[in-house]
Amino acid sequence: MERFFVGPSGPLFGRIEIYGAKNSVLKCMAATLLAPGDHLIGNVPAITDVAIVRDLLAAMGVDCRHSGSGVSGRLGITVPTDVVPIAPYELVEKIRASIVVLGPLLSRYGYARVSLPGGDDFGHRPIDMHLRAFEELGATFTTEHGYVEGRCDRLTGTRVVLEFPSHTATDNVMMAATLAKGTTVIENAAREPEVTDLADMLRNMGARIEGAGTSRIEIEGVDELRPGSHIAIPDRVEAATYLAAVGLAGGEIELLHARADHMEMLLEKLALIGVHTVDTGSSIVARATHPLRSVDISTLPYPGVATDYKPFLVTMLAIADGVAIVTENIFAGRFRYVDELRRMGADITTRGHHAIVRGVPRLSGAPVRSPDIRAGAALVLAGLVADGVTEVAGAAHIDRGYEDLGGRLASLGADVRRGDA
């Protein structure tokens with residue numbers, strides 16, 4: 001099993017590019033199912049989740065060609081006139097975002113057979129919201145043997161009210177509605193920048209969408225879409241990772257292509273903790289002042305503090321002056337990495353969906369295990385301010401969302417290397 005070996009590091013300095021947003025690229029890949037022909041997606045990172053969705057599309061008969069890496073990464077996708085509208089278990093169980101193929105398949109082919117999704121274990125995350133929305137659009141479903149099987153003639157536009165502003169459900173319904181008859185209105189829609197980015201790609205393909213980025217999205221269905229090209233927005237969660245790195249280790253770094261307007265609430269919280277940022281228009285320059293200060297944090301749907309940011313913030317608060325209360329309002333099980341931070345000497349107590357974080361002067365290196373993508377990256381960052389060597393097992397989890405995290409941290413001066421157990 002590959003793992004990261006992290007030693008205590010001094011201040012970080014340098015420039016680093018922020019690559020394409022994972023949560024945008026994966027949805028854009030699914031959107032290509034809506035139109036036969038040759039599509040092109042740019043700014044595609046070389047990460048495992050992209051490879052999994054590429055394999056998923058290939059299993060349906062779609063030709064995917066990934067070249068380059070980082071901001072130069074390109075994904076050429078050729079969708080045939082007919083695909084196999086089945087998403088097999090052995091691929092879907094690896095990544096929860098794969099459920100977004102359901103909307104495009106139903107909308108274009110009138111049939112889809114999709115395995116119930118897997119992915120990171122954050123507790124119960126049902127897909128009932130997706131199925132109810134599609135039923136309102138005219139689909140019917142049966143579930144057996146671990147698969148959801150959906151059928152419809154042509155979906156019919158209607159008013160869909162989401163019980164929660166789910167990013168994935170919003171994407172799924174929006175894609176399905178592009179080929180539905182009439183007009184679909186999504187109320188209580190997710191407002192994430194990645195939703196807007198997907199809408200931009202769909203509009204490039206001929207879709208008629210208004211309101212993306214607000215809580216009310218209106219889609220006027222069209223008879224057909226055409227192949228499109230699109231360049232994905234930069235990944236705000238990757239940017240948050242490197243902001244937390246400089247917050248922990250100190251120093252000053254520049255994040256090229258990072259969008260401050262996509263993470264305003266995070267930047268406000270970081271400023272209170274002690275990470276100061278300047279938006280240059282094409283990058284974010286960040287520097288940290290020590291000691292860090294404790295501040296209470298609650299995760300909320302966008303534009304609030306994203307749940308994906310929380311492991312980085314908790315790690316920073318673990319060495320900050322004072323006591324902070326961190327509240328998780330999105331996923332019930334997303335404090336499972338706290339036990340690993342405790343192994344490193346962090347003073348954190350969890351009570352339900354709250355964590356009480358009492359800052360300590362320094363962490364200590366220990367063998368820890370990555371439970372998911374973002375928590376794994378946070379444990380690597382924790383090693384930057386821990387005495388001795390920190391071994392982070394489960395590097396494969398981190399590879400799902402990061403292209404060469406260790407090498408890129410090392411380019412800033414961090415003591416990080418990767419190797420076998």
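The values are calculated or read from the model by the stated rules, or taken from the named source; none is laboratory data. Bear in mind the structure is a predicted one, so any value in this text is a computation, not a measurement. Cβ coordinates were reconstructed from backbone atoms using ideal geometry, including for glycine residues, and neighbour counts include every protein chain displayed.
Couple of notes before you dig in:
- Checklist (1) over 21 Å from the mean Cα position of the chain (by Cα); (2) more than 24 Å from Asp235 (Cα to Cα) applied to Gly76, failing item: (2)
- Selected residue [under 30 Å from Ala139 (Cβ atoms), more than 22 Å from the chain's Cα centre (by Cα), not basic (Lys, Arg) and not assigned by TED's automatic domain parsing to the domain that holds Gly407] from Ala59, Ala87, Ala30: Ala59
- Of all residues making up segment 374-398, the number that are buried (at least 24 other Cβ atoms within 10 Å of the Cβ) and in contact with an Asp or Glu (Cβ under 7 Å, 6 or more places away or on another chain): 2
- Matching residues in segment 352-370 - criterion: being free of Cβ contacts under 8 Å to residues at least 40 places away in the same chain, part of a strand (DSSP E or B) and either more than 24 Å from Ala393 (Cα to Cα) or β-branched (Val, Ile, Thr) (or both): His354, Ile356, Arg358, Val368
- Selected residue [at positive phi and of a type outside the set (D, E, K, R)] from Gly383, Gly359, Gly401, Gly388: Gly388
- Applying the criterion of being crowded, with 17+ Cβ neighbours inside 10 Å and touching a Phe, Trp or Tyr at 6+ places or on another chain (Cβ under 7 Å) to the residues of segment 350-371, the residue that is farthest from Glu340 (Cα to Cα) is Ala355.
- Failed item in (1) touching a strand residue (DSSP E or B) at 6+ places or on another chain (Cβ under 7 Å); (2) surrounded by fewer than 24 Cβ atoms within 10 Å (Cβ to Cβ); (3) not acidic (Asp, Glu), with Ile18 passing the rest: (2)
- Residue, surrounded by the fewest Cβ atoms within 10 Å (Cβ to Cβ), within segment 316-346, restricted to residues that are over 19 Å from His290 (Cα atoms) and of a type in the set (Asp, Glu): Asp339
- Residue satisfying all of: in segment 1-55; charged (D, E, K, R) and in contact (Cβ under 8 Å) with a residue 40 or more places away in the chain; nearest to Gly103 (Cα to Cα) among these: Lys27
- Residue identified as under 22 Å from the mean Cα position of the chain (by Cα), in a strand (DSSP E or B), in the same structural domain as Leu26 (by TED's automatic domain parsing) and under 21 Å from Gly138 (Cβ atoms) among Ile186, Ile209: Ile186
- Number of residues in segment 155-173 that are under 26 Å from Ala306 (Cα atoms) and either assigned to a loop (DSSP other than H, G, I, E, B) or of a type outside the set (A, V, I, L, M) (or both) equals 10.
- Assessment of segment 348-355 against the conditions (aliphatic (A, V, I, L, M), closer than 25 Å to Phe4 by Cα and out of contact with any Cys (no Cβ under 9 Å at 6 or more places or on another chain)) yields at least one matching residue.
- Applying the criterion of at least 3 residues that are not aliphatic (A, V, I, L, M) to the strands (runs of 3 or more DSSP E) found wholly in segment 229-337 leaves 251-256, 275-279.
- Segment 214-228: number of residues that are assigned to a loop (DSSP other than H, G, I, E, B) and out of contact with any Asp or Glu (no Cβ under 8 Å at 6 or more places or on another chain): 7
- Condition met for Ala176 (within 20 Å of Ala97 (Cβ to Cβ), in a loop (DSSP other than H, G, I, E, B) and in contact with a helix residue (DSSP H, G or I) (Cβ under 7 Å, 6 or more places away or on another chain)): no
- Of all positions in segment 240-250, none carries a residue that is among the polar types (S, T, N, Q) and surrounded by fewer than 22 Cβ atoms within 10 Å (Cβ to Cβ).
- Residue match in segment 245-252 (condition: of a type in the set (Val, Ile, Thr) and under 22 Å from Gly281 (Cβ atoms)): yes
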